[in-house]
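The next block holds one structure in the form of structure tokens; read it before the comments.
Just so it is clear, none of the values below were taken in a lab; they were calculated from the coordinates. Quick caveat: nothing in here was measured; it's all calculated off a predicted structure. Neighbour counts run over all protein chains shown; Cβ positions are idealised from the backbone, glycine included.
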Amino acid sequence: MDYKLEEMTKLDWDQVSQIYKEGIETGIATFQEVVPTWENWDNDHISSCRIVIRLGNKVLGWGALSPTSSRCVYEGVAEVSIYIGDNYRGKGLGKILLEEIIKQSEENGFWMLQSGIISENKVSIILHEKCGFRELGIREKVAKMSNRKWYDVVLMERRSKIVGIS
């Protein structure tokens, strides 16, 4: 297949938000329970390193970074989000997206990427490991969604070998 990686724009939001909704519906992709508006999503994410993977005009998945803190000492640290549409999971697109986000993050001065992954989301944990993330630990029963079930979160990080090493 002839996939294209492109910068995400507001024009992609209809498709991106639908993929986000599919992720929410899995119950293990995010603690978000409703899709935010474009404006809220845009404000919560870093303006660089927003990527979609396309086949023709169809967005198959997306990835983006969000800040971990507003404090200046954390300027080179970001949290990763990766989502693949229901019909395109298991085809290696997540790895393509995550590798591109890593590449772009380093080009934009990020020295550490982190992810907090719901422990039941084994596929995401394995994907992050394949892309150089390591498990730091587990936050047990850290969140409870509207279903009243407690969830554990696996904390993972990837430190750049080329940015922020001096």
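The table below gives the values:
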item	result
Top-ranked residue of the range 117-126 - restricted to ones that are surrounded by fewer than 17 Cβ atoms within 10 Å (Cβ to Cβ), in contact (Cβ under 8 Å) with a residue 12 or more places away in the chain and not acidic (Asp, Glu), ranked as farthest from GLY92 (Cα to Cα)	SER119
Single match in GLY92, GLY27 (criterion: of a type outside the set (A, V, I, L, M, F, W, C), free of Cβ contacts under 8 Å to residues at least 60 places away in the same chain and closer than 21 Å to SER115 by Cβ)	GLY92
Residue in the range 6-15 that is surrounded by 14 or more Cβ atoms within 10 Å (Cβ to Cβ), touching a strand residue (DSSP E or B) at 6+ places or on another chain (Cβ under 6 Å) and closer than 19 Å to SER124 by Cβ present	no
Options SER48, SER70, SER81, SER66; residue that is of a type in the set (S, T, N, Q), assigned to a loop (DSSP other than H, G, I, E, B) and in contact (Cβ under 8 Å) with a residue 12 or more places away in the chain	SER48
All positions within the range 127-166 that are surrounded by 14 or more Cβ atoms within 10 Å (Cβ to Cβ) and either touching a residue at least 60 places away in the same chain (Cβ under 8 Å) or not in a strand (DSSP E or B) (or both)	LEU127, HIS128, CYS131, GLY132, PHE133, MET145, TYR151, SER160, VAL163, GLY164
